[in-house]
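These notes are about the structure you will find just below.
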Amino acid sequence: MSEPVLIAEDLGRDYEVGGGLFGKPGLVRAVTDTSFTLSPGKTLAVVGESGCGKSTLARMVTLIEEPTRGKLSIAGIPTVPENWDRLRTEVQIVFQDPYGSLNLRQRVGAILEEPLKINRRDMSAKERQEKGREMMRLVGLRPEHYDRYPHMFSGGQRQRIAVARALMLEPRLLVLDEPVSALDLSIQSQILNLLLDLQERLGLAYLFISHDLSVVRHIADDVVVMYLGRPVETGPKDEVFERPRHPYTRALLSATPRAEPGAGRRRIELKGELPSPLNVPPGCPFAPRCWKTQDVCREVRPALEGTPHPAACHFPEDEVVEAERA
Amino acid sequence: MSLLRIRNLTVEFATGGGQFRAVDSVDVDVGEGEILAIVGESGSGKSVSMLATMGLLPWTATITADEMSFDGQDLRRLSGRARRQIIGRDLAMIFQEPMSSLNPCFTTGFQIREALRQHTDLNSRQRQDRAVELLTMVGIPDAERRLKAFPHQLSGGMNQRVMIAMAIACRPRLLIADEPTTALDVTIQAQILDLLTGLQRDTGMGLILITHDMGVVAETAERVAVQYAGQKVEDQPVADLFATPHHPYTAALLAALPERATERRLATIPGVVPGQHDRPQGCLFSPRCQFADERCRTVPPPVQPAELGRARCHYPLHAPEVAA
Ligand SMILES: Nc1ncnc2c1ncn2[C@@H]1O[C@H](COP(=O)(O)OP(=O)(O)O)[C@@H](O)[C@H]1O
Ligand code: SF4
Ligand SMILES: [Mg+2]
């Protein structure tokens, strides 16, 4: 097997917050104790609800922010600031909202050539343009689109432009932050197919961030489920979806509506809302909302461990799932 | 009998580029105690058709219809007084963006009490009690304290519940919920949908749920209207719609769902929804339809009978074989 493109070891990122007029300053552990590897040609999905640390993780992987704890390396090179310049071409990001992430005053051609202008000073204008046009073909845009402005495109086509721009420097790793969430269903499938095609042709690794479990189920190889900044379950996609071990994963799956009328599933109802990240409970972060909580859950933080794939829970769902399958 | 009955509703906006038809000959029927989902991609006219019903469109909109009635009363001929009796009271709406419809300058309590003041004869003590009761009903713990909060002090899910509390404050007979969960996390979405369907069961009100999420439709609705480019293209009971869609657009949408995928590559619908300036001659779906022929491209299709899902199509799918 080829070397992983991305390795995270006990990765964490804290923020100092507050210290306003009355509030006392606090420490938010936006991401903590996060480990994973991602190999070329594979897709690792990070799922969880808003505030679970998905975007912070994306910002660390795309070299926008430095980890405050643990280690992160891309293509075997640690992502310390001294290395950011040489890593910049290895990792690129595509955001949810193509409108917000494209410069609306630039023509498509200029948008595509810009990363080359900055990072490939050796390239001539002609070479840049050739590369830009080649990339447009690759993502399914037409040659005449080169001189148009982003507002002349539909949402799906703008997302193609964003993908094309991300690929200009030939990165090995793409971070896809909710790449199809803003798109209509009929366009969503076009973009997902494009991502699959590009991955096959270019051997790209995808860190796929999404709250849409039906999309993740279709596109991912492996899944990390995050809750309040920490992974609570991780494993191969089929295992996690078919035999979820953490109660939170089960609740998340049961809350996801399925396009099957009368499927008649029991929905697991969660109490309360996500606690403030300033007040993460000492034991299991999910304990205040979990239906199986015991004293040990409130006191001792469960480790991410166990088989067939790790889950951070004192009372994983193994028997339940077995019973339901029987 | 229908609680809300709309026939041939068309809404056009005056825009810089000329008249733009956002809603095109739409019929709506929803009965007491019924849950109707209106599903369609963004821009298909779901919100505009319901805003027209509520009388909430700006002056740039031209609304025409053969009929728009609520409980037998013509919504277009209401006097100011009768209008206040119905809109906001018997007929209430939850809007797509909670933050844009809650006033940031007032506490949630003030806003709920104000809705009650306008539409009921409760005194101020009773209004406060009812406000507490409403927040508790929509699952907001610690209601008294939450009534003193401003919208920005609450989470998105909380604000959405406050909106629902305001909408149901006067016990509406029909509630229109426009994408009430689109901006929320799935576990909160599940809570809000359970809340809405629970209210509908307990009070017997009718519910129109506007959404673009086929999963939400499948789990919540009894009947589904599918909109495309301003037109209703299909209307069927939910199980039938998913099992035997009659309009090619509905069929294509269902096929594009990742959870229905049978292969790694998903089914797609080529092209995009027509815009103001490239509205096709015949069937609006014809440039993207795999079954389109010359007739589809030139002649607007008829609305098929109910057995064929009222599909607006020349060649509805799953039609019984016509004997030669
Ligand atoms: N006030 C307005 N003026 C002009 N066009 C509008 C106005 N409101 C909505 N539209 C247009 O009407 C069409 C239908 O919009 P809408 O009903 O909001 O769609 P949906 O709710 O199905 O997403 C869209 O193309 C939208 O841009
Ligand atoms: S009328 Fe023709 S083009 Fe339109 S949906 Fe039916 S078959 Fe397709
Ligand atoms: Mg809308």
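The values are calculated or read from the model by the stated rules, or taken from the named source; none is laboratory data. All values reported here derive from a predicted model rather than from experimental measurement. Here Cβ is always computed from backbone atoms with ideal geometry, including for glycine, and neighbour counts include all displayed protein chains. With ligands, DNA and RNA removed, areas are computed over all heavy atoms of the protein, side chains included. Shrake-Rupley method; radii C 1.70, N 1.55, O 1.52, S 1.80 Å.
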For the range B:245-250, take each phi angle, set θ = phi - 60°, evaluate the Karplus expression 6.51 cos²θ - 1.76 cosθ + 1.60, and give the result in whole Hz per residue in order, putting x for glycine and proline. x, 9, 8, x, 5, 4
Can you give the net charge of the other residues whose Cβ lies under 13 Å from the Cβ of A:ARG217, counting K and R as +1 and D and E as -1? -3
What percentage of the solvent-accessible surface of the range B:246-323, computed with a 1.4 Å probe over protein heavy atoms, is contributed by carbon and sulfur atoms? 55 percent
For A:SER35, the residues 5 or more places away or on another chain with a placed amide H closer than 5 Å to its own amide H are A:ASP10, A:LEU11
Each label sits 7 Å from Cα toward the beta-carbon; between A:ASP122 and B:GLU144 the label points are separated, in nm, by 7.4 nm
So who's got an amide H within less than 5 Å of the one on A:TYR227, skipping anything under 5 residues away but keeping other chains? H placed 1.01 Å off N, in plane. A:VAL232
Residues with beta-carbon under 13 Å from that of B:GLN153, excluding B:GLN153: net charge, scoring Lys, Arg +1 and Asp, Glu -1? +2
If you project the alpha carbons of the range A:26-148 onto their three principal axes, what span does each projection cover, largest first, in Å? 50, 32, 31
Which aspartates and glutamates, if any, have their Cα less than 15 Å from the Cα of B:LYS148, not counting same-chain residues under 8 positions apart? B:GLU114, B:ASP129, B:GLU133
Karplus 3J(HN,Hα) series, Hz, for the range B:301-308 with 6.51 cos²θ - 1.76 cosθ + 1.60 (x for Gly, Pro): x, x, 8, 6, x, 3, 4, 10
Rg and Dmax of the range B:282-324, Cα atoms only, in Å: 10.7, 30
Rounded if a/c is under 1.5, else prolate if a/b is larger than b/c, else oblate: which is the protein assembly as shown, with a ≥ b ≥ c the root eigenvalues of its Cα gyration tensor? oblate
Using a 1.4 angstrom probe on the protein heavy atoms only, line up B:MET166, B:MET1 by accessible area, largest first. B:MET1, B:MET166
Summing Lys, Arg as +1 and Asp, Glu as -1, what charge do residues with Cβ under 12 Å from the Cβ of A:THR293 carry, A:THR293 excluded? +2
Nearest 5 percent is fine: what portion of the DSSP beta bridges confined to the range A:173-326 is antiparallel? 60 percent
Run the quick spin-label model on A:ARG201 and A:TRP84: label points 7 Å from Cα toward the beta carbon, then report their separation in nm to one decimal. 3.2 nm
Please work out the Cα center distance from the range B:1-80 to the range A:31-65, rounded to the nearest Å. 44 Å
Across all Cα atoms of the range B:118-214, Rg and the largest Cα-Cα distance (Dmax), in Å, are 13.6, 43
Using only Cα atoms, what Kirkwood radius does the range B:246-323 have, in angstroms? 13.7 Å
Return, ordered by residue number, the residues of the range B:184-212 whose backbone nitrogen is under 18 Å from a label point located 7 Å along Cα→Cβ of A:ASP97. B:184-185
Quick one: Cα convex hull volume of chain B, Å³ per residue? 159 Å³
Long-range amide H partners of A:GLU317 with built H, under 5 Å: A:HIS246
Cross-link partners among aspartates and glutamates for B:LYS232, C-alpha distance below 13 Å, same-chain residues fewer than 8 apart left out? B:ASP24, B:ASP27, B:ASP29, B:GLU41
Heavy atoms of the protein only, probe of 1.4 Å, neighbouring chains included. What is the accessible area of B:HIS277 in Å², nearest 10? 150 Å²
Phi angles of the range B:4-11, converted by Karplus (6.51 cos²θ - 1.76 cosθ + 1.60, θ = phi - 60°) into ³J(HN,Hα) in whole Hz with x for Gly and Pro, give 10, 9, 10, 10, 6, 7, 10, 10
Can you list the aspartates and glutamates whose alpha carbon is less than 16 Å from that of A:LYS271, not counting same-chain residues fewer than 8 positions off? A:GLU49, B:ASP142, B:ASP185, B:ASP194
Calculate the mean, over all residues of peptide B:181-191, of how many other protein chain Cβ atoms lie within 10 angstrom of the residue's Cβ. 6
In the range B:154-186, which residues have a backbone nitrogen under 16 Å from the label point lying 7 Å from B:GLN126's Cα in the Cα-to-Cβ direction? B:169-171
